[in-house]
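Trainee: Below you will find the structure I want to go over with you.
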Amino acid sequence: MNRLSILLMPISNLGHQTIFILQELGRLAVFFLQGFIHIFSYPFQIYKFIYQLWFIGMKSLFVICLTGAFTGMVLGFQGYYTLVKFGSEGVLGTMVALTLIRELGPVLTAIMITGRAGSAIAAEIGIMRISEQIDALETMNINSIRFLFSPRLAAALVSFPVLTAVFDLIGILGGYLTGSVLLGINEGIYFYRAEQSVNMSDINGGFLKALVFGAVVVTICCYQGYYTHMRKQGFGAKGVSSATTSAVVISCVLIFLTDYILTSFLI
């Protein structure tokens, strides 16, 4: 290897990485579009949709309620001891409601579902890939993306906004528990401030974020599991574990990234 080749090696590596990233983004975009289109293709997969709705939505309900309650309670404590310094503890309901509906509700709901359901989805599809079940579907002329991804995507687009609404409601009640019951703020003032400060645009913005997060999380998790066999870390159990870890990490990072982008447009 001559000296010029050594000097150009960093540029070559950068080019290879750029091409790899562009290939991954293109494959991911095609994967999502195929899955989204197949949601509306006949025959409809009603049974699979209902099962995924139960798996992604109902089985996440307890952890969402628990997280929402403690998040609201912590916001109630922190908000009270911050606002009382300015004599504005009466607007605690406003602070809790807007913080949950605009930001914490959609974001924390998406992260909790990613940890509970997203990791399981990536592992399940990854195991199907390494055990050649996906190859068997293709051999039987069954569209594997339609069979595996589309019902999960449809269920996520329904589950994420509903669970976000539950998180917001439980969080506001948690803020009431600490702010009114424990710290003595008038409960009428708390709920009046929460009601008057929240506009429909705030609620719509929160639901929009939940929809985008649902699409992002399920697409990333299904994609990582579906293409487990193409990972550099290896094939088999090691590839599945790597795909599952990547699915959770990438999903969480993209949740924060898309949250920033959407917030910059919604404000």
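Trainee: Take the conditions without any contact (Cβ under 8 Å) to a residue 40 or more places away in the chain and among the β-branched types (Val, Ile, Thr) and apply them to residue 255. Does it pass?
Mentor: Considered against the rule, which asks whether it is without any contact (Cβ under 8 Å) to a residue 40 or more places away in the chain and among the β-branched types (Val, Ile, Thr), residue 255 comes out as no.
Trainee: Now for a different question. Please specify each residue of segment 225-256 satisfying the condition of being under 19 Å from residue 110 (Cβ atoms) and not aliphatic (A, V, I, L, M).
Mentor: Answer for segment 225-256, where residues must be under 19 Å from residue 110 (Cβ atoms) and not aliphatic (A, V, I, L, M): 225, 244, 245, 246, 251, 252, 256.
Trainee: For the list (1) touching a helix residue (DSSP H, G or I) at 6+ places or on another chain (Cβ under 6 Å); (2) under 21 Å from residue 184 (Cβ atoms), I need the number of the one condition that residue 74 fails.
Mentor: All conditions pass for residue 74, except number (1).
Trainee: When both residues are 6+ apart or on different chains and their Cβ atoms are under 6 Å apart, which pairs have a first residue that lies in segment 49-74 and is over 30 Å from residue 181 (Cα atoms), and a second that is among the polar types (S, T, N, Q) and part of a helix (DSSP H, G or I)?
Mentor: Going by the 6 Å Cβ cut-off, the qualifying pairs are 56/159; 57/159.
Trainee: Next question. Would you confirm, using the coordinates I've provided, whether residue 237 is among the small types (Gly, Ala, Ser), at pLDDT below 85 and more than 26 Å from residue 39 (Cα to Cα)?
Mentor: yes
Trainee: While we're here: Quick one: which helices (runs of 4 or more DSSP H) lie wholly within segment 161-267 and hold at least 1 residues that are surrounded by 14 or more Cβ atoms within 10 Å (Cβ to Cβ) and under 19 Å from the mean Cα position of the chain (by Cα)?
Mentor: Here the list reads 200-226, 237-266.
Trainee: Ok, one more. Just give me the residues in segment 132-146 being in a helix (DSSP H, G or I) and without any contact (Cβ under 8 Å) to a residue 24 or more places away in the chain, in sequence order. If you could, list the steps in order and put the result at the bottom.
Mentor: So in segment 132-146, the residues in a helix (DSSP H, G or I) come out as 133-139, 144-146.
Within segment 132-146, 133, 135, 136, 137, 138, 139 qualify.
Trainee: Please name all residue pairs, on different chains or six or more residues apart, with Cβ atoms under 7 Å, provided the first residue is in segment 186-215 and is under 13 Å from residue 258 (Cα atoms) and the second residue is surrounded by fewer than 20 Cβ atoms within 10 Å (Cβ to Cβ) and of a type in the set (Asp, Glu).
Mentor: 209/259
The values are calculated or read from the model by the stated rules, or taken from the named source; none is laboratory data. All values derive from a computational prediction rather than experimental measurement. Cβ atoms come from the backbone with ideal geometry, glycine included; neighbour counts cover every protein chain shown.
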